[in-house]
1. Out of all the residues in segment 157-185, which are within 12 Å of the ligand (Cβ to nearest atom) and either of a type in the set (A, V, I, L, M) or touching a Cys at 6+ places or on another chain (Cβ under 7 Å) (or both)?
2. For segment 372-418, name all the residues that are among the polar types (S, T, N, Q) and surrounded by fewer than 17 Cβ atoms within 10 Å (Cβ to Cβ).
3. Report yes if some residue within segment 345-363 is in a helix (DSSP H, G or I) and either within 25 Å of residue 64 (Cα to Cα) or open to solvent by less than 10 Å² (accessible area, probe 1.4 Å) (or both); otherwise report no.
4. Are there any pairs with C-beta distances below 7 angstrom linking a residue in segment 164-177 that is more than 16 Å from residue 142 (Cβ to Cβ) and open to solvent by 30 Å² or more (accessible area, probe 1.4 Å) to a residue that is more than 11 Å from the ligand (Cβ to nearest atom) and in a loop (DSSP other than H, G, I, E, B), with the two at least 6 apart or on different chains, and if so which?
5. Which condition number in (1) farther than 18 Å from residue 406 by Cα; (2) among the hydroxyl-bearing types (Ser, Thr, Tyr); (3) not in a loop (DSSP other than H, G, I, E, B) is the one that residue 335 fails?
6. Hey, does segment 43-54 have a residue that's surrounded by fewer than 18 Cβ atoms within 10 Å (Cβ to Cβ), under 29 Å from residue 140 (Cβ atoms) and polar (S, T, N, Q)?
7. If residue 198 satisfies every condition in (1) of a type in the set (A, V, I, L, M); (2) more than 14 Å from the ligand (Cβ to nearest atom); (3) within 26 Å of residue 85 (Cα to Cα) but one, which is the exception?
8. Search segment 422-435 for residues that are within 23 Å of residue 374 (Cα to Cα) and pair each with any residue that is modelled with pLDDT of 95 or more and surrounded by 10 or more Cβ atoms within 10 Å (Cβ to Cβ) when their beta-carbon atoms are under 7 Å apart and the residues are at least 6 apart or on different chains.
Amino acid sequence: MRDYVTELMRRNEMRVVEREVDPRHELAAVIKLSQAESEQPILFRRVKGSKFPVATNLYGSRRRLCEMIGAADGHFPRRWLELKAAMKPSASEFLRPVPAPNGIRDGKISDLPQITYWERDAGPYFTAAIFLAKEPDTGVANLSFHRSMVVSDEELRIRLGTTHDLTRYQKKAEERGQALPAALLIGTAPDVFLAAAASLPYETDELSAAAQIRGRRVEMRPCKTIDLMVPAETEFVIEGEILPNLRRPEGPFGEFFGYYVPQGDNHVFRVTHVSYREDAIFHGLLCGSPEDIVLLQEATAARVYEHLVRQVPGVKRVAIHSPMLCTVISIDQQYEGHARHVALAAVGSHLDYNKSVIVVDDDVDVYDMNDVWWAFLTRGRADTRVTVISDVPGFYRDPERDHWGRLLIDATKPRGREVEFERRRIPGEDRIRLEDYFGGKR
Ligand SMILES: Cc1cc2nc3c(=O)[nH]c(=O)nc-3n(C[C@H](O)[C@H](O)[C@H](O)COP(=O)(O)O)c2cc1C
């Protein structure tokens, strides 16, 4: 991450905040307002109560994510599938054990920036922490995000989603009455961050996947108090274990749907050691902001795309819209009913999301909801183009069944009348640069 921050500084892309900011709300408010006008990453040099600078919004840009994986045409899902197809399952050849590098310092949780994001959050949270843990039987490594509430130097409280691999590891260990050792990585390489966001098959070693995205071996150093190796270049490593048969109150926390998840009894992480690099840079992300959502959107789009191209022809692009519950798919229409086939297939691709699926023709910008909605409003009847599927569970954390049901919308051109629906355009428009006409005054 440090190299990436340096690279963004060199390219003059980083917004740097020199004045001291309060980690309680002020820092989050600056992130939110900055993201509303720009997708630039931000570096807060001075954060009250901690000696560490905070980097944020590193991943809050589709353009940057595509750049990271070499998707030159902006088609993240297709490039992701290419990388995945080339991945070898074996871990060892991509990981290189090294001794703990010089300059790693021992510390404690309260040394780290204690950032409180939303008004009713129960306290400071680590939001960009990646959990690294091993499958209790096979030793396969998994990387995943689980925001962590700071309780004390010895304790964090974490929420494990029902479908996550870490949840299955923890359950296995708990059934044996054992704690699950895990390390939290904060400020790690972009490819580790990408691999953590992806839901790769249970058997896939995600550290090895991260190394293969990067195309070079990841140096792994030992932890001090648990039997785990962690990427040596990680800025902060929190070692510990998820305790069995113990749940304590966690939350509320302002989440990506735009509301607070209420307080609930959740898992307890016992901290056994904290270390950081000299001059470490902390990574914090505003939950529900582009940095949280854009990567999750692209990782989910890749999963939907992979499922679709195996089943139906003519699929071009997949975009997921905020807050993850709307999927838009563009196709090259090939037969009557093609769009409905595509929408139905999408529903089965990820049972947590796809609450609404809109299928458009390839001349529509799937990333622009105005364009997508324009296509629906102008290309077909509202009464026959909308299908509602009732009584199907949706997002996994939904006790009141607010996310049951599915909405499928066919917003493609009526079959056989494509010529009538050719979009108007002005020749040469794409070559016009307004600065050449209005100068700097616009
Ligand atoms: C930036 C980012 C932050 C995330 N934060 C959380 C979180 O706090 N809690 C959670 O349960 N899932 C979170 N997720 C959802 C991810 O789906 C999850 O961490 C992970 O990818 C699951 O991986 P797995 O399928 O290997 O279990 C986050 C995802 C991203 C991209």
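1. 158, 160, 166, 184
2. 378, 384, 387, 390
3. Checked segment 345-363: at least one residue is in a helix (DSSP H, G or I) and either within 25 Å of residue 64 (Cα to Cα) or open to solvent by less than 10 Å² (accessible area, probe 1.4 Å) (or both).
4. Final answer for the pair search is none.
5. All conditions pass for residue 335, except number (3).
6. No.
7. Just one mismatch for residue 198, condition (2).
8. Within 7 Å, the pairs are 423/363.
The values are calculated or read from the model by the stated rules, or taken from the named source; none is laboratory data. Not measured: the values here are computed from a predicted model. Every residue, glycine among them, receives a Cβ derived from its backbone with ideal geometry; neighbour counts consider all protein chains shown. Quick note on the areas: whole protein, heavy atoms, side chains included, nothing else; ligands and nucleic acids left out. Shrake-Rupley method; radii C 1.70, N 1.55, O 1.52, S 1.80 Å.
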